[in-house]
Amino acid sequence: DTFDGFKRIAIGNLAAVQCQAIVVGILASVVAFVLDAVTAPVVHLHHVVLMAASAVTAASVASMVLATIIIAIVVISRVYGVDPDNVSAPIAGMLGDFCTLGLLSVVAHYLYESREAFGWVQWVLVAAYALLAAVCARVSGGMKATSKVLA
């Protein structure tokens, strides 16, 4: 129960959650691409990049916000002697869907609206998040508390 121990666990968990969110965002966009390829006569590359950038950005931001809130709830619960599972589970369930869907619609809207002038931003987002996933996997894998999560 030291601050350094808590800090290592929190950083490892945040890194693991980020890595998982980015991978899930990429997988979701791949599934959407495959469904689009099966049903549409023509697949446009800019649509695929827009889907990937929107999904990954929304998943990453939502998971970071949600993980930070859950960490704060766990810390506050421990201070007051309350079981964090009784408090964090309902909040995570409610905020997870709400936060992610809201962010997805906002991110997709702005990326779509800015695609003509700033289409390169979508490519940069996908590349940056791919790099961030690798960094987060390395950080999480190097921590004893979270090394088995991504395995």
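The values are calculated or read from the model by the stated rules, or taken from the named source; none is laboratory data. Keep in mind that what you see is a predicted model, and the values were worked out from it rather than measured. Cβ: placed from backbone, ideal geometry, glycine included. Neighbour counts: every protein chain shown. Ligands, DNA and RNA are stripped out before the accessible areas are found, and what is left, the full protein with its side chains, is counted by its heavy atoms. Shrake-Rupley method; radii C 1.70, N 1.55, O 1.52, S 1.80 Å.
Scanning region 12-27 for residues that are surrounded by 21 or more Cβ atoms within 10 Å (Cβ to Cβ) and touching a residue at least 60 places away in the same chain (Cβ under 8 Å) returns 12, 15, 16, 18, 19, 22, 25. If you filter region 91-113 down to residues that are at pLDDT 85 or above and out of contact with any helix residue (DSSP H, G or I) (no Cβ under 7 Å at 6 or more places or on another chain), you find that the one that is most open to solvent (accessible area, probe 1.4 Å) is 110. Tell me which residues, restricted to region 114-140, are open to solvent by less than 50 Å² (accessible area, probe 1.4 Å), hydrophobic (A, V, I, L, M, F, W, C) and touching a Cys at 6+ places or on another chain (Cβ under 9 Å). 133, 136, 137 - these are the residues of region 114-140 that are open to solvent by less than 50 Å² (accessible area, probe 1.4 Å), hydrophobic (A, V, I, L, M, F, W, C) and touching a Cys at 6+ places or on another chain (Cβ under 9 Å). Kindly establish whether residue 52 is within 14 Å of the chain's Cα centre (by Cα), buried (at least 18 other Cβ atoms within 10 Å of the Cβ) and under 16 Å from residue 10 (Cα atoms). Here the answer is no, as residue 52 does not meet what is asked. Sub-8 Å Cβ pairs linking a first residue in region 61-76 that is under 16 Å from residue 9 (Cα atoms) to a second residue that is among the charged types (D, E, K, R) and open to solvent by 50 Å² or more (accessible area, probe 1.4 Å), at least 6 apart or interchain, number zero.
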